[in-house]
1. With each label point set 7 Å from Cα along the Cα-Cβ vector, what nm distance links A:HIS292 and A:ARG575?
2. Write down the percent of antiparallel bridges among all DSSP beta bridges whose residues are both part of the protein assembly as shown, to the nearest 5.
3. Pull up the cross-link candidates among the aspartates and glutamates for B:LYS8, meaning alpha carbon to alpha carbon under 17 Å and not fewer than 8 places away within one chain.
4. Could you check which residue among B:ASN101, B:ASN70, B:ASN93 shows the biggest mean-square fluctuation in a GNM of chain B with a 10 Å Cα cutoff?
5. Got the relative contact order for chain A handy, in percent, Cα pairs under 8 Å and 6 or more residues apart?
6. When a/c is below 1.5 the answer is rounded, else prolate if a/b is larger than b/c, else oblate, so apply that to the protein assembly as shown with a ≥ b ≥ c taken from the square roots of the Cα gyration tensor eigenvalues.
7. In nanometres, what is the gap between the two model label sites at A:ASN257 and A:ILE390, each 7 Å from Cα along Cα-to-Cβ?
8. Please give the Cα centre distance for the range C:15-41 versus the range A:521-598, rounded to the nearest Å.
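FYI, it's all coordinate maths here, none of it is from the lab. Given the structure is predicted, the values throughout are model-derived calculations rather than measurements. A quick note on method: Cβ atoms are made from the backbone with ideal geometry, for glycine too, and the neighbour counts reach across all protein chains shown.
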Amino acid sequence: MVCQINTHAAYLDPILIRHRPSDLLQILILAQDHYGYIHSDAIDHISAALKLPRSKIEGVAGFYSFLHLQPPGAYRVLFSDNITDRMSGSVALMESMCSQLWVEPGKLSEDNLLSIDTTSCTGMCDQGPAMLVNGLAINRLTQDRANAICELIREQVPVSAWPAVFFSIEDNIQRRDILLDSHFQSGSSLAALLLRGTDETLQQIKASLLRGRGGAGFSSGAKWELCRQAAGDARFVVCNADEGEPGTFKDRVLLNNFADMVFEGMTLCARIIGAKKGFLYLRGEYRYLLNHLQAVLQRRRQQGLLGNDILGHADFNFDIDIHLGAGAYICGEESALIESLEGKRGTPRNRPPFPVTHGYLNMPTVVNNVETFAAASLIALNGGAWYAGIGTGASSGTKILSVSGDCDCPGIYEYPYGVTVAQVLDDCGARDTQAVQISGPSGVCIAPDEFGRRIAFEDIPTAGSFMVFDKTRDMFEVARNFVHFFKHESCGFCTPCRVGTSLLSNMMDKLANGYGSPYDFAEIEKLNALLQSTSHCGLGHSACNPVLETIAKFRPAYDTRLAHKDFVPSFDLDRALSQARQMTGRNDTGAHLERSQD
Amino acid sequence: MNEPAQPKLRVATTSLAGCFGCHTSFLDIDERLLELLKHIEFDRSPLTDIKHCGPCDIGIIEGGVCNAENVHVLREFRANCKILIAIGACAINGGLPAQRNHLSLAEVLEEVYHAQHGLVDGFIPNDPELPLPLDKVHPLHEVVKIDYFIPGCPPSADAIWKVLTDLLDGREPELGHDLIHYD
Amino acid sequence: MINTFTLDGMSIPFSEGQTIIQAAMAAGVYIPHLCFNPQFKPHGSCKLCTVKVNGRQSSSCTHQALSGMVVESNTTQINDERRMLLQMLFVEGNHFCPSCEKSGNCQLQATAYELHMMSPHFDQFFPDRAVDASHPEYLLDFNRCILCSLCVRASRDVDSKNVFALSGRGIKSRLIVNAKSGLLADTDFCGDDKAANVCPVGVILKKRIGFAVPIGQRSFDEQPISASPHPVMKEV
Ligand SMILES: Cc1cc2nc3c(=O)[nH]c(=O)nc-3n(C[C@H](O)[C@H](O)[C@H](O)COP(=O)(O)O)c2cc1C
Ligand code: SF4
Ligand code: SF4
Ligand code: SF4
Ligand code: FES
């Protein structure tokens, strides 16, 4: 026993020495990296070292999908379960791997070697079907590739020795505009800031009319100014790279190619609000980017663009830490993200107060999306008026879309705001389009008669997800996939969303299984209303959107599911007798129940 | 309740996976039963000898659904009764019988017929006369649509009286603080 | 000058920093609630206390009172929503009131009476949850936990013990205790803890005193919860 604890101390102590108790999530991630899972004795050791109760540590570990308190097997295969992955064949591939490797989905194999399960969208929709193996992304799965992976697992080849080509990730930048085509020089925006002065730079950000790219579209200049004015001993800049909204992958490409612009935007913000410390919260699914991003940060320190005395200014000190997420979409919500940064369960806070006044460690904090910070760098360089002149009246600048689904050229498309849905569809080579889901499951579903509408805050606002469905797709199944996503990602804090997303999933499954009637339809509508009005945060508010939207626009996809005139049970009564039939060996008519008689 | 000229309402009652406690409570309305009988007549019920439910105005069911026969009876009631009332905790949320729901039926049958002390060579009865158990016990409203619920284990005679008289008088049934309870 | 806001047409005075529900309770007006307890920091998770503030839905236990705001609470629409939330809580766990020691003293049950919840309406989840009977004096019946976190707050903020915590996520959220074995007996929990006496439902129960108070004399037999939301419980 003592020896056990020492085993854990050996790898935990070097981790613990580099972290504070508020870094608990990062500590747990590193501990798991080392040991494969978070051992009960490791929790004892962390608990003693950080003086944190064990219940708190288990509570945090239990929240995040990618953390394990039990041995998860040497190979952990997670299939990305976005609708686009399904459309490109992920379900059959997963079944095939499960049967080849003799393992039930979601369970540890009998020899404890592996597990195969699904996970929420991994942000590779332009190159799916995608999976994570021990946290690393493998895309463009085919039957051949799946077979090869089965073989590697069977031979117990360590993942580090798998063919590198499996892990290659494409950028697929299909259309560039001011941001993606900017040939940004690192340090140039900071130089412009120092030349222009802090106040004037803030004025330029305000004049640019830049609005947040993470979804809500709050004025970035106003946010920075509020934070700057808020009382507090310290201030923080947080870059939201949680990018969890299914179908969104533009932040991944930005961080891969334009990390300097993003970090520079954060540094500008720090100068303006007076922050010394910043965080990039990187979703666990993108951890393959970690080394690259650390290297960029290191280079920027060497270039005098981060750290103390930035560009020689004695009062300009700022540095950035990268925090990893661990499989929790809700941590993209800014207050849940801050809780997670503080090493807690990612539960959204009560708001107000908002992060601008009470954020990280209760101090004034700016949280912005990756793309927002990149745009801020451009604005500092080229001026607010220039930026405001691009796009539409209420939506200045450009928007980067993540295009996926039924089209010839999925990938990243940058457009000035105001581009029509039809234009995007044309550019990406979409044909026979039935629908476009814009801004992910929480967004809107657009039917062909609306393809003339525009991507802009005043028409269709979006965080960037643009999923295309052609006429062969079943829009009911699209909505059902999204509803299951919300159920899986509900944080569980508030009653309506915790229970309601499960009820909604069950009802959609009931329809899918052929037990639907107008009764269930009315039930779904009642749930919609409840979730929208009583949920604690945006996740619950929008959890019904996919159903509402598809009911409104693709009603026939539902009508075929309403097989019954009146209520029937959500389960098969005859099947409910099958265990008893088996145990008694009976098969007479009395041992069966006919389906409901309507 | 003062218009006896109207035709009497037909009422059917039954107990599925229940203990007849709710029926007993129904009888506890005592002398008011005579008053009630001026307005209603019983169809299928433990109080009559009618074996199958005919067209009725009101059906009252106690107990949850735990086997195939329960399903048949429940469907018969739903098909014949204009208003169906679930009465008592078991009908409403499965009650005591549903406490087996976290076990698999196989485990339950094994335990009852094989493993239990004193059973020699126990076997699971397979007589076609016996209804087969469902893998889970269900409240009534999970199997058919239910119009009204009278909670309680059992509900008080007053609560039953109140709901029935409300219905007879064409009011929405409503139980006040003193009449609504779950135990 | 006294600050006031309007609640269902009544003028409610409040002092700086009070939330809507605090001011309402002080004025003797009941707003349904479960995760709120005047002795602890509000949590805002059950959503039973949802009201409309100037036309927008909000949780009255966390929403600061402001002068002149117009609050609606006792309306058909809001009560219908509250009833649905209760039904969700009932189907999420396993609530068999007839065999529950808390029956008659239970805030979930009493609130459901108050809001005329006649059935759980949805399909039961019938989750498989354990009972922890390891402790010599106390029992934990997780089947009835509504995840209100009152015990978590009491143990952390008052007892300074952290005996309880929430783990899991979403519908798999669950209450855990502070012990490697996962058992209450192996924590420093004791009957004098605040946490031993805050559970609004029948999870944290003192052993061997169940059903001590006869039916008819229990806290919410005598008065509806709206008349006395936090009575001194008679079971102890
Ligand atoms: C459930 C939920 C998930 C979110 N996920 C993200 C995300 O992954 N990335 C992001 O930038 N914003 C996300 N947001 C929005 C953030 O809360 C926040 O508004 C945003 O990061 C602010 O940055 P911006 O002003 O630059 O858009 C999410 C919001 C909700 C309610
Ligand atoms: S709405 Fe959902 S995600 Fe948001 S706090 Fe409630 S349970 Fe958590
Ligand atoms: S906790 Fe309350 S609602 Fe649940 S079974 Fe006990 S008395 Fe009933
Ligand atoms: S045990 Fe009781 S007090 Fe604790 S979270 Fe559950 S319901 Fe709330
Ligand atoms: S009492 Fe306000 S949310 Fe629970």
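1. My value for the distance between the label points is 4.4 nm.
2. Percentage antiparallel, nearest 5: 50.
3. B:LYS8 reaches B:GLU35, B:GLU41, B:ASP43, B:ASP57, B:ASP166, B:ASP169.
4. Among B:ASN101, B:ASN70, B:ASN93, the largest mean-square fluctuation in the Gaussian network model of chain B belongs to B:ASN101.
5. 13
6. In terms of gyration-tensor shape, prolate.
7. 1.4
8. 39
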